[in-house]
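Each remark here refers to the structure printed beneath this line.
The values are calculated or read from the model by the stated rules, or taken from the named source; none is laboratory data. It should be emphasised that the depicted structure is a prediction, and the values quoted were computed from it without experimental measurement. Note that each Cβ is placed from the backbone with ideal geometry, even for glycine, and that neighbours are counted across all protein chains shown. Ligands, DNA and RNA are stripped out before the accessible areas are found, and what is left, the full protein with its side chains, is counted by its heavy atoms. Shrake-Rupley method; radii C 1.70, N 1.55, O 1.52, S 1.80 Å.
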Amino acid sequence: MDKAIEITDEIYWIGVNDRETHLFEALWPLPYGVSYNSYIIMDEKVAIVDTVKFTATGTFLDKISDILCGRDIDYLVINHMEPDHSGSIRSLIELYPGITIIGNRKTAEFLDNFYGIVDNVKVVEDGESLSLGKHDLTFHLTPMVHWPETMMTYDRTSGILFSGDAFGGFGTLDGSIFDDELNIKFFADEISRYYTNIVAKFSPMVQSALKKLSGLDISIICATHGPIWRKNPEFIIDYYDRLSRQETEEGVVIVYGSMYGNTKKMAEAVARGIAHEGIRNIRIYDASKTHLSYLINDIWRYRGLVIGSCTYNGGMFPPISQLVHFMEKARVKNHVVGVFGSYSWSGEGIKDLESFARSSSCKFIEPAVSALACPKDDALASLFDMGSSLAREVKAFKC
Ligand code: FEO
């Protein structure tokens with residue numbers, strides 16, 4: 001897909017696929033890669049919307065040169081400054097020095113801070129428009145979806161919303177770029193993992209953006225990652241709405257951190273109690289083995305969450321500590337939570353977990369269950385009971 005791909009007769013996808021990067025943001029696994037989507041509008045004036053990561057600048061510039069056929073570029077609209085989209089700006093303006101960069105006040109600040117770019121920058125306000133000839137672009141500021149400068153650009157003529165990170169997902173575009181050309185079931189998991197890993201913390205801002213955009217007549221959604229939604233843009237709007245409201249399904253995720261298997265035994269006892277109450281979706285994960293990315297994704301999906309930790313260096317086991325830190329920052333809600341842990345002499349791990357459960361916005365199933373060294377019959381019975389109580393709450397819970 002080294003050529004621009006037509007979306008409408010004057011608007012083209014000029015994005016790239018990244019199958020080389022192992023970790024997005026140096027954190028999140030990319031087993032199926034990711035696309036960096038950029039778009040070009042060939043009107044009386046030519047405008048590009050967002051660029052791509054610096055690792056793919058060459059391919060990106062080749063596509064642009066090919067479609068321009070000697071024309072110049074008038075505008076570069078920057079919806080988002082994170083370097084996976086802004087990484088080719090400098091190369092682009094070096095080749096096309098006549099470009100005017102369009103962004104808001106924060107964009108201008110970030111352009112200077114990241115790249116030292118201050119010239120030919122036109123600052124736009126929320127709701128301001130720009131005519132390219134036939135196409136009229138309107139800029140809608142949607143801060144913190146995903147950075148403070150984030151905005152979306154709506155083309156009134158085609159009904160296309162260039163949405164930035166919003167409505168995006170992991171996964172490369174393998175031969176197909178449109179929602180009607182690919183298997184959405186495959187992408188749904190990668191969209192959800194992208195949302196929960198990258199955007200989840202900003203869910204209230206996603207809800208504000210959805211409300212703000214609700215009056216627009218959107219025919220196509222062009223995000224900066226993942227498919228272009230031309231057949232069923234409502235699908236991705238609804239999916240993001242549900243994810244950002246933290247709508248959950250019936251099911252329970254148990255995550256444990258266990259050095260020598262004693263905390264793992266406790267997890268198995270909780271799971272038995274949950275299964276006894278008829279819950280069918282139960283996932284048990286060893287936090288030392290399964291990457292945080294996948295844990296968060298399943299936790300976001302299922303209503304029940306049980307976390308167990310041994311005590312390590314006077315606190316939670318490090319992978320559990322990392323998970324809890326993420327859950328606190330993401331302000332997880334609409335969950336029923338239970339905690340347990342083992343210890344050899346002091347037991348701070350379980351105390352820290354209990355403190356997380358009490359201060360969260362989730363329903364805490366008391367008591368926390370702890371075991372000295374290895375769980376004995378009385379602890380195992382308490383864990384089974386915790387699982388049963390939690391399962392009943394999960395079934396009864398209304399989001
Ligand atoms: Fe895809 Fe927030 O950058």
Discussion item. Over the chain, what is the relative contact order in percent, taking alpha-carbon pairs closer than 8 angstrom and at least six residues apart?
Written reply: 12 percent
Worksheet item: What residues have an amide H closer than 5 Å to that of A223, excluding those fewer than 5 places away on the same chain, when H is modeled at 1.01 Å from N in the peptide plane?
Response: S163, W229
Worksheet item: Relative to the present Cα-Cα distance, how much length would full extension add between K289 and F54 at 0.36 nm per residue of separation?
Response: 81.4 nm
Worksheet item: What order, most packed first, do the peptides 238-247, 336-345 have when packing is the mean number of other Cβ atoms within 10 Å of each residue?
Response: 336-345, 238-247
Practice prompt. Work out from phi, with θ = phi - 60° and the Karplus expression 6.51 cos²θ - 1.76 cosθ + 1.60, the ³J(HN,Hα) of each residue of segment 369-378, listed in order in whole Hz, and give x for Gly and Pro.
Written response: 10, 10, 9, 7, 6, 10, x, 9, 4, 5
Worksheet entry | Efficiency of FRET from Cβ geometry, W345 and R392, R₀ 25 Å, rounded to 0.05 | 0.15
Worksheet, complete the sentence: Whole-Hz Karplus couplings 3J(HN,Hα) for segment 231-243, θ = phi - 60° and coefficients 6.51, -1.76, 1.60, Gly and Pro as x, run 8, 9, x, 4, 4, 6, 5, 5, 4, 5, 4, 5, 5
Practice prompt. Scan around T150 for amide H atoms under 5 Å from its own, H built in the peptide plane at 1.01 Å from N, and keep only partners 5 or more places away or cross-chain.
Written response: M144, V145
Fill in: Length released on extending from Y260 to S129, taking residue separation times 0.36 nm less the Cα-Cα span
41.0 nm
Discussion item. Among 381-388, 94-101, 224-231, how do they line up by average Cβ neighbours within 10 Å per residue, starting with the highest?
Written reply: 224-231, 381-388, 94-101
Worksheet item: So how much accessible area does E190 have, in Å² to the nearest 10, using a 1.4 Å probe?
Response: 10 Å²
Worksheet, complete the sentence: Taking a straight Cα-to-Cα line shorter than 15 Å from K134, and setting aside same-chain aspartates and glutamates fewer than 8 residues away, one finds D9, E10, D43, E44, D74, D155
Discussion item. As I understand it, the dipole of segment 5-244 uses +1 on the Cβ of Lys and Arg and -1 on the Cβ of Asp and Glu, about the Cα centre. Which of L27, A56, L213 lies farthest toward its positive end?
Written reply: L27
Item to complete: Report the dimensions of segment 295-399 along its three principal axes from the alpha-carbon atoms, largest first, rounded to Å.
Response: 39, 29, 21
Worksheet item: By average Cβ neighbour count within 10 Å, what is the ranking of 33-40, 151-158 from highest down?
Response: 33-40, 151-158
Worksheet item: What value, in deg cm²/dmol to 500, does the helix sum -39500 (n - 2.57) over DSSP H runs of n ≥ 4 give at 222 nm once divided by the residues of the chain?
Response: -10500 deg cm²/dmol
Worksheet item: In nm, to one decimal, how far is the Y32 label point from the E44 one, both placed 7 Å along Cα→Cβ?
Response: 4.3 nm
Practice prompt. Counting only DSSP beta bridges with both residues in the chain, tell me the antiparallel percent, nearest 5.
Written response: 40 percent
Discussion item. Can you compute the radius of gyration and Dmax for segment 293-354, using only the Cα atoms, both in Å?
Written reply: 11.8, 36
Discussion item. For a quick check: with amide H placed at 1.01 Å from N, whose amide H comes under 5 Å from K122's, ignoring anything fewer than 5 positions away on the same chain?
Written reply: I101, I102, G103
Response to the item:
So the pair-distance distribution of segment 159-273, from every Cα-Cα distance in 5 Å bins, comes to percents of 2, 10, 19, 19, 14, 10, 8, 6, 6, 4, 1, 0
Worksheet item: Does anything in segment 10-40 have its amide N under 15 Å from the 7 Å Cα→Cβ label point of D62, and if so which residues?
Response: 14-19
Worksheet item: Accessible area of D174, 1.4 Å probe, to the nearest 10 Å²?
Response: 100 Å²
Practice prompt. Can you tell me the dipole magnitude for the chain around its Cα centre, using point charges on the Cβ only (Lys, Arg +1; Asp, Glu -1), in Debye to the nearest 20?
Written response: 1580 debye
Worksheet entry | Linear extension gain, E25 paired with A373, 0.36 nm per residue minus alpha-carbon span | 121.4 nm
Worksheet item: Between Y115 and N334, what is the FRET efficiency for a Förster distance of 35 Å, r being their Cβ-Cβ separation, to the nearest 0.05?
Response: 0.30
Response to the item:
Here segment 320-336 yields Karplus 3J(HN,Hα) values (6.51, -1.76, 1.60; θ = phi - 60°; whole Hz; Gly and Pro given as x) of 6, 4, 5, 4, 4, 4, 5, 4, 5, 5, 7, 6, 5, 9, 6, 10, 10
Fill in: Cβ-based net charge around G127, under 13 Å, with every Lys or Arg adding one and every Asp or Glu removing one
-2
Item to complete: Filter the trypsin sites (Lys or Arg not before Pro) in segment 1-85 down to the DSSP loop ones having no more than 13 other Cβ atoms within 10 Å, then list what survives.
Response: K3, R19, R71
Worksheet entry | Globularity ratio of the chain, using Cα Rg and 2.2 N^0.38 Å | 1.12
Worksheet entry | Quotient of C-alpha Rg and 2.2 N^0.38 Å, computed over segment 1-140 | 1.03
